[in-house]
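Undergrad: Here's a structure for you.
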Amino acid sequence: MSVARSRLLLIEPTRLLANGMPARLNREGMRTLTLPYLAGLTPPEWDIAIQIDALAPVSGLEPADVVALSVLTQRAPRAYQIADHFRSRGTPVILGGAHVTLNPDEAAAHADAIVLGEAEDLWRQVLADATGGGLQPRYRAAGFHSLQNLAAPRFDLIGNNRYYTLLRPVQTTRGCPHRCDFCTVTQIYGKSYRHRPVAEVLEDVRAIRRTSRYIFFVDDNLAADKQYARALFEALIPLDVSWSAQLNLEFAADEELLRLAARSGFQMAVCGIENVSEENLAAVNKSCVNHPSRYRELIGRYRRHSVIVLAGMIIGFENDTEQSIAENVRFMLAEKIPMISLYLLTPFPGTPLFQRLRAEDRLLTTDWSRYDSYTCVYRPKNISPERLTQLYWEACRKITTLPAIARRFLPPPLPRRGSLIPDFLATSLVFTNNLVLFRKDARRQMPPRV
């Protein structure tokens, strides 16, 4: 007689729109790593299903013996809705992720158990306790994992036909040596910066290479350790991949390392340029990382090595004025940055920025669904929230017109020989995703008064 297998449902919650309805998408931009990796950590005696709420809405009727959700701040209200529903049916619910780690008391009210910190040394025990009826309210990681012998992600549990880009996620490092006031990374990982053995990273890349040559390294700062980055790039050269990553714009200051990265398949640099004001950068502890006087030179270096820059830009800093915002818009229109993701400064809970604004009674809301980086959730010093919102959407319209994009993109960086057609197609998909989806999202969320 066979023993019934336990069923684990892993859910990636969507976010709630301004009308309170869950956001729905026909396609997502890129696959995420968290839930496939958590599935890889799960013992083989479990039957596992992964559900992406934005693509396949959670009904609450899904069969499961245990439900687990990974929670980001802007998705927390929807995560709590889902968790409360399953718990009302008597199904144990486990919550984890960045928002839960930084806001444990809030999350605990919606879960049978919460997991704080990294899951590697906890997950098997959590599941064993769940099946044995001894689930504990809280599980806290005792420290940081070495990142050796990580589980292989279970990408077989998610479909490949619901995503715009060809990129597949791989992790090489965790943490960041910098301590920007608006960033949650150092609040979760402290000053630790750890990296996986290069040989183990290559195993993940080779597994993906069977179906795609396009890799996105999901690290918060891929090249903070130059010696490790050099070893990784050299090892990637024989694999014939095109890869993208998040790293500092200043990475291009080391032209020898940039040249090696380009040889290894470096296609797109996702850089947090943030702002052109030294005062604004200093106010959030980022002036030691970004140097506006060098932006043009460094952007030019990426282009010369056929690397596309996707710039993260932020307006709405505490010291911003209409003039300083206009200066940032002029920069975005003038520089050769093909793709720009523009955000409003958002004080995520758990960060020094959030704590400071809360102490000054300047937060406008703690409805986490509004912490989407498109909504002004605090009172700036020099401009009203309403006017800032208006200037933000005006800036979005200006930088996403076709003439503006053409000026920034043309002439495009030359693809490398031997990968002209596939790189062109992949870049076009990423570019279209960034433009079309952002514009569609902007139109959907734009306040009527703007």
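Values in this text are rule-based calculations from the coordinates and carry no lab data. All values reported here derive from a predicted model rather than from experimental measurement. Here the Cβ positions follow ideal geometry from the backbone for every residue, glycine too, while neighbour counts run over all protein chains shown.
Undergrad: Using every pair of alpha-carbon atoms in the range 146-236, split the distances into 5 Å bins beginning at 0 and state the percent of pairs per bin, rounded to integers.
TA: Pairs per bin, as whole percents: 2, 12, 21, 22, 17, 14, 9, 1, 0.
Undergrad: Amide H of ILE273 versus every other amide H placed in the peptide plane: which residues, excluding those fewer than 5 positions away on the same chain, fall under 5 Å?
TA: Close amide H contacts, sequence-distant or interchain: GLY312.
Undergrad: Where does the chain land on Rg/Rh, using Cα atoms and the Kirkwood Rh?
TA: On the Cα set of the chain, Rg over Rh gives 0.95.
Undergrad: For the charge dipole of the chain, defined by +1 on Lys and Arg C-beta atoms and -1 on Asp and Glu C-beta atoms about the Cα centroid, which residue among ILE340, ILE114, VAL198 has the Cα displaced farthest towards the positive pole?
TA: The one lying farthest along the dipole's positive direction is ILE340.
Undergrad: Just in the range 66-119: which trypsin sites (Lys or Arg not before Pro) are loop by DSSP and have at most 16 other Cβ atoms within 10 Å?
TA: ARG89
Undergrad: I need the fraction of alpha carbon pairs in the range 328-387 separated by more than 15 Å, rounded to a whole percent.
TA: Considering the range 328-387, 57 percent of its Cα-Cα pairs are separated by more than 15 Å.
Undergrad: Another question, if that's okay. Can I get the semi-axes of the range 71-137's equivalent ellipsoid? Compute them from the C-alpha gyration tensor as square roots of 5 times the eigenvalues, in angstrom, largest first.
TA: 18, 16, 8
Undergrad: I would also like to ask the following. How about the range 163-256: which trypsin sites (Lys or Arg not before Pro) there lie in a loop by DSSP and see at most 14 other Cβ atoms within 10 Å?
TA: Sites meeting the loop and neighbour criteria: LYS191, ARG210.
Undergrad: I've got another one for you. Would you list the P(r) distribution for the range 6-140, with all Cα-Cα distances sorted into 10 Å bins from 0 and each bin expressed as a whole %?
TA: Spelled out per bin, shortest first, that is 12, 48, 34, 5, 0.
Undergrad: Could you give the dipole magnitude of the range 164-445 about its Cα centre, charging the beta-carbon of Lys and Arg +1 and that of Asp and Glu -1, in debye to the nearest 20?
TA: Its charge dipole is roughly 760 debye.
Undergrad: Going by the alpha-carbon gyration tensor, a ≥ b ≥ c the square roots of its eigenvalues, is the range 358-412 rounded (a/c under 1.5) or, if a/c is not under 1.5, prolate (a/b greater than b/c) versus oblate?
TA: Details: a/c = 3.47, a/b = 2.55, b/c = 1.36.
Note, shape of the range 358-412 comes out prolate.
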